[in-house]
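Peer 1: One structure coming up, written as structure tokens, with questions to follow.
The values are calculated or read from the model by the stated rules, or taken from the named source; none is laboratory data. Every value quoted in this text rests on a predicted model; they were computed, and no experiment measured them. Cβ coordinates were reconstructed from backbone atoms using ideal geometry, including for glycine residues, and neighbour counts include every protein chain displayed. Protein only, heavy atoms only, side chains kept; ligands, DNA and RNA dropped before computing areas. Shrake-Rupley method; radii C 1.70, N 1.55, O 1.52, S 1.80 Å.
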Amino acid sequence: MWMDTKTEVKEASRNRASLSRRVLNGLLLCTGDMEYLDKYMQDKLFLLQLAVWGLRGVTQVILANNPLSGALIMGALYWASPWQGLLGTLGVLASTLTAVIMGQDSAEVSRGLHGFNGMLVSLLMGVFSSAGDWYWWLLLPVCLGSATCVFLFSGLSSVLDRWDLPVAVFPFNIVIVLYLLCTGPDNPYFPHHPATPPGALELNDTKLIAVEVLRGIPLGVGQIFACGALGPSLLILGAVLLYSPLLAAHALLGSAIGTLAGLSMAVRHESLYSGLSGFNGALGCMAVGGLFFTFSWRTHLFAIASAFLSAYADIALSNLLGTVGLPACSWAATLTATLMLLQTGSIAEYRIPIGQVMAPEHNLRSHSQWEAGNAEKRKSTDV
């Protein structure tokens, strides 16, 4: 009797261990770049492939490449605002379909590289529109602007590829500024709100609320998608965490650094509370902290420097462009990341070629394997 009980306990323990391994393996399949999904989708319906390409494009905004993370982000956007969710969906589909029609590189299309700029353009058009939600005429510039991003991406890539630099969100930043300049705040068809410089004086509100400032740190991650609600922003952060815990940590760190930079420059309290002070810092920190560079203590410090530079550059550009009612968007983080990728010296040894960039954890493993292989070669040479 006692032996039977002992056997049952061991069997139950083995079953629990086996179940835990299966759950862990299932979770691991959902993280990172999910490369196996591309092979599985090759012979599937075009609409299913388009959906996966679009979801990958959604995550490319946060420098990720995971369709499940993209689904979480789309859920967050529809949660925050169904209208913004619809615009984002239309933007990523319009730009991705334009890339397919133009015959762009299939590998780039399947990785979502032609979708994320169009999505950002559509989201910002919706945010700045003063015509309110469900203004259907806005769908026209959303589609045209998203399609234009593909032309700019294709043209810029032929230039930037010579220096092994990513096109990033240059097309988005160019298109949204041109759109706002063309329409103007008082346009009868597509009116928009003018941007307010972060350095504008506040006459009625001089007391800073610490809790609101802390709340603005996770909101800084959500503001990458022009989302200013706390719940959806946390869901977006969860999507980053699903793709890469290292990238999520740098996103929060960069947003906190951006908020600190805003405090040091006494920006408007609303910029701190809404997360607008933090999102460029988050992007700058994420780009360097394990994505385009292999993670190490050197690149971690480099990522912190990138976050500070992105945040201060954003304040400067926002004050400059705000004088004519234009937003700085993500110009600061884009230019800073490009500058960091051009660095020489010992930090360049950690640089990852653009075509080989994957999840930070994968980059770290690949770098360790490469170093181990080099060490073995040196040993064999010495012998």
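Peer 1: By how many degrees, between 0 and 90 and to the nearest 10, does the Cα long axis of helix 2-29 differ from the longest principal axis of the chain?
Peer 2: With both axes taken from Cα atoms, the answer is about 40 degrees.
Peer 1: Also: To the nearest 20 debye, what is the magnitude of the charge dipole of region 186-319 about its Cα centre, counting +1 on the Cβ of each Lys and Arg and -1 on the Cβ of each Asp and Glu?
Peer 2: Numbers: 4 positive and 6 negative charges, 75 e Å.
It comes to approximately 360 debye.
Peer 1: Let me ask something additional. Kindly report the accessible area of the chain per residue (heavy atoms of protein chains, probe 1.4 Å, no ligands, DNA or RNA), in Å². All intermediate terms of the calculation are to be shown ahead of the outcome.
Peer 2: Details: 18520 Å² over 383 residues.
Computed with neighbouring chains in place, this is 48 Å² per residue.
Peer 1: Taking only Cα atoms and a 10 Å spring cutoff, compute GNM fluctuations for the chain and point out the largest among 223, 356, 49.
Peer 2: 356
Peer 1: Same structure, new question: Helix 67-80 versus the longest principal axis of the chain: what is the Cα-based angle in degrees, 0 to 90, to the nearest 10?
Peer 2: 40 degrees
Peer 1: Same structure, new question: Which of the peptides 235-247, 122-134, 342-354, 207-219 is most tightly packed, and how do the rest follow, judged by the mean count of other Cβ atoms within 10 Å per residue?
Peer 2: Ranked by mean Cβ neighbours within 10 Å, highest first: 235-247, 122-134, 207-219, 342-354.
Peer 1: Here is a follow-up. Picking from 45, 272, 77, which is most flexible by a Gaussian network model of the chain using Cα springs under 10 Å?
Peer 2: Evaluated over the chain, the most mobile residue of the options is 45.
Peer 1: Name the most mobile residue of 276, 156, 230, meaning the one with the largest mean-square fluctuation, in a Gaussian network model of the chain with Cα contacts below 10 Å.
Peer 2: For the chain, modelled as a Gaussian network with Cα springs under 10 Å, the answer is 156.
Peer 1: Ok, one more. Within the chain, what whole-number % of the accessible surface is contributed by carbon and sulfur, with the 1.4 Å probe and all protein chains included in the calculation? Spell out each step's value before the answer.
Peer 2: Working: 12350 of 18520 Å².
The C+S portion of the solvent-accessible surface of the chain is 67 percent.
Peer 1: Between 0 and 90 degrees, rounded to the nearest ten: what's the tilt of helix 331-341 against the longest Cα principal axis of the chain?
Peer 2: 40 degrees
Peer 1: Moving to a separate point now. With charges only on Cβ, +1 for K and R and -1 for D and E, what is the dipole size of the chain about its Cα centre, in debye, rounded to 20? Let's see the in-between values first.
Peer 2: Working: 20 positive and 23 negative charges, 164 e Å.
For this selection, approximately 780 debye.
Peer 1: Considering only 157, 140, 76, whose Cα is most displaced toward the positive end of the charge dipole of the chain, charges sitting on Cβ of Lys, Arg (+1) and Asp, Glu (-1)?
Peer 2: After comparing all options, I get 76.
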